[in-house]
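A.B. asks: My questions all concern the structure below.
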Amino acid sequence: MNNKPYSLKISVFHGLKTPEEATLVGYGAVIEALQLAMPFPEQLALISDKRRSYTNEKWNILSSRYAFEDTLYKHLVFALKYEGINLLFFKKLFTQLDEKDIIELLQIEPTGQYSRKLWFLYEWLFNATLPIKDLPIKNYVPLIDDKLQYTVTGVKSSRHRIINNLPGTQEFCTLIFKTEKLENYINAKLSEQKNTYLNGVHKDVLQRASSFLLLKDSKASFTIENENPGTNRAMRWGKAIGQAGNKPLSIEELERLQQIVIENARFVKLGLREEGGFVGEHDRTTGEPIPEHISAKHEDLSSLLNGLVSANELMQDEAYDAVLASASIAFGFVFIHPFVDGNGRLHRYLIHHILAKKGFTKQGVIFPISASILDHIDDYRITLESYSHPLLDFIDWKETDNHNIEVLNETIDFYRYFDATKQAEFLYDCVNDTLNRVIPQEVNYLLRYDEFKRFIDNEFEMPDKMVAILVRFLEQNDGVLSKRALKKEFSELNEDEINIIQGNYQDIFSNNN
């Protein structure tokens, strides 16, 4: 297997035009040569015939100086060095190689750092021990290059002389690449900005804003699922969100939260799925499933969720960013889709839970992330589909008698090991938007409401309930009282008073953008 050609000269690859004719190398070349059943990485590596290097969203083009011998080992070394760790790739690759091939690979440079990484990855992924003696050398090397991907502090493996800094376990481990956007957000220290802003808000206003934001977030989370809950139901779910971070994450806790979301379980079986699942439509005529996303097999749910919980514990490491941890766990959960119903709201609850647990959000102040997600619903959908759609080509399924899906092949690794970079960037966009728009918008509204109420109290001594009605009518009609309101609720006002009220409302609220 090590003698076959892997490098491939291309100008078009699977329908994608390359920036120039160049040689495909690394992960992309090996996946193509061995026909590994997995999606290609988001970015593929090419070696140019020219002496220049550059990157774009899809391609990393390296100078001809980077050319290397066309062997499997050299491609793997290149990938580890320049493309980061891809756990799904190595699981698929090692499954296709026999033990003899793997030992042969590792003997090429037995004490080299990349051989040690390959050795560690094989034994870690398969929980196996190859017939190779522990290394006697002293120096340790980190498994993940923290210049390329985000890591936890890590633990030493004396057998391989590797520091395992993976932010997860064999049962669940997502990885996130360092990008300019993510680095800018992390270095901006948004949590500190948020606390500085909130510390400047009067406690009474902040308390009232938190109540409004809690309900706003709860209703937004239902709206994302195309549901329109009553206020009582939204408030009950809001109360659960308000307690996020208080209880340890576990399968039992997720099942408890599902019961709060669903409430009426007459038509929904609560708890982990006992059959397949998908997100999508049914053909109107035949009832055949038309999946947009295929959920993890029900037989795999316990393993995946136990892995999710363990990964969450690892990411409590102070070295790991709170928003990155939230993206990995929350999107990992929704991709697994463990319940028949309620997955989307629990997915967004997990964002609250991890942000609170890692101290990103201030206790007692709701961070209404769902409101921002709702306002960016198209980007949210694209972010979900960027994971789900490429997998559809690698999942074999058949329709069941009740027009559900039964998955026929092994798919667990697709949900265990994926690149969560796009999901992390989206979530950080929403966190930034929540901090800079959603929360200030609510606080500013309350400040202006209080200012307007003081004016009404001083001039008209109007009861609080009537002031609230007055503001609502003015909001609904661009700062002008409707004829109906003037004839009924506010018939006592004369024309001058009406003009004064409307003028003051417009002056006070005109800057409430």
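A.B. asks: Can you list the strands (runs of 3 or more DSSP E) lying wholly within segment 6-64 that have 3 or more residues being buried (at least 17 other Cβ atoms within 10 Å of the Cβ) and at negative phi?
C.D. replies: Numbers: elements: 8-13, 16-25, 44-47, 59-62.
Where strands (runs of 3 or more DSSP E) fall fully within segment 6-64 and carry at least 3 residues being buried (at least 17 other Cβ atoms within 10 Å of the Cβ) and at negative phi, they are 16-25, 44-47, 59-62.
A.B. asks: In addition: Could you check, for segment 430-446, whether at least one of its residues is within 24 Å of E475 (Cβ to Cβ), out of contact with any Pro (no Cβ under 7 Å at 6 or more places or on another chain) and modelled with pLDDT of 90 or more?
C.D. replies: Checked segment 430-446: at least one residue is within 24 Å of E475 (Cβ to Cβ), out of contact with any Pro (no Cβ under 7 Å at 6 or more places or on another chain) and modelled with pLDDT of 90 or more.
A.B. asks: Moving to a separate point now. Here are the criteria: (1) surrounded by 18 or more Cβ atoms within 10 Å (Cβ to Cβ); (2) under 37 Å from the mean Cα position of the chain (by Cα). Tell me which single one I456 does not satisfy.
C.D. replies: So the condition that I456 fails would be (2).
A.B. asks: If you check F339, F367, F394, which single one turns out to be aromatic (F, W, Y) and modelled with pLDDT of 95 or more? Walk me through how you get there before you give the answer.
C.D. replies: Values: F339 fails: modelled with pLDDT of 95 or more; F367 fails: modelled with pLDDT of 95 or more.
Among F339, F367, F394, only F394 is aromatic (F, W, Y) and modelled with pLDDT of 95 or more.
A.B. asks: Ok, one more. With segment 317-417 as the region, which helices (runs of 4 or more DSSP H) entirely inside it contain at least 3 residues that are among the aliphatic types (A, V, I, L, M) and buried (at least 21 other Cβ atoms within 10 Å of the Cβ)? Step through it out loud before you land on a result.
C.D. replies: On the way: elements: 322-336, 343-357, 369-375, 377-391, 412-416.
Answer list for segment 317-417: 322-336, 343-357, 369-375.
A.B. asks: Of the conditions (1) under 29 Å from the mean Cα position of the chain (by Cα); (2) touching a residue at least 60 places away in the same chain (Cβ under 8 Å), Y445 satisfies every one except a single condition; which number is it?
C.D. replies: (1)
A.B. asks: Let me spell it out: the conditions are (1) more than 29 Å from T174 (Cα to Cα); (2) touching a strand residue (DSSP E or B) at 6+ places or on another chain (Cβ under 6 Å), and G84 meets all of them except one. Which number is the exception?
C.D. replies: The single condition G84 does not satisfy is (1).
A.B. asks: Name the pairs: first residue in segment 162-189 and over 15 Å from A424 (Cβ atoms), second residue β-branched (V, I, T) and surrounded by fewer than 14 Cβ atoms within 10 Å (Cβ to Cβ), Cβ to Cβ under 7 Å, at least 6 apart or on different chains?
C.D. replies: Within 7 Å, the pairs are N164/V155; N165/T153.
A.B. asks: Filter segment 219-276 for residues that are under 21 Å from H337 (Cβ atoms) and of a type in the set (S, T, Y); which is modelled with the lowest pLDDT?
C.D. replies: So the residue we want is S221.
A.B. asks: Just to be sure I understand, how many residues within segment 266-307 are farther than 18 Å from I251 by Cβ and either touching a Cys at 6+ places or on another chain (Cβ under 8 Å) or without any contact (Cβ under 8 Å) to a residue 24 or more places away in the chain (or both)?
C.D. replies: Total meeting the criteria: 9.
A.B. asks: Further, regarding this structure: Return the residues of segment 267-290 that are surrounded by 15 or more Cβ atoms within 10 Å (Cβ to Cβ) and charged (D, E, K, R); say none if nothing qualifies.
C.D. replies: R273
A.B. asks: Among the residues in segment 481-499, are any of a type in the set (F, W, Y), surrounded by 13 or more Cβ atoms within 10 Å (Cβ to Cβ) and under 30 Å from S303 (Cβ atoms)?
C.D. replies: For segment 481-499, residues of a type in the set (F, W, Y), surrounded by 13 or more Cβ atoms within 10 Å (Cβ to Cβ) and under 30 Å from S303 (Cβ atoms): absent.
The values are calculated or read from the model by the stated rules, or taken from the named source; none is laboratory data. Worth saying up front: this structure is predicted, and the values here are computed from it rather than measured. Because the Cβ atoms are built from the backbone with ideal geometry, glycine has one as well, and the counts that use them run over all protein chains shown.
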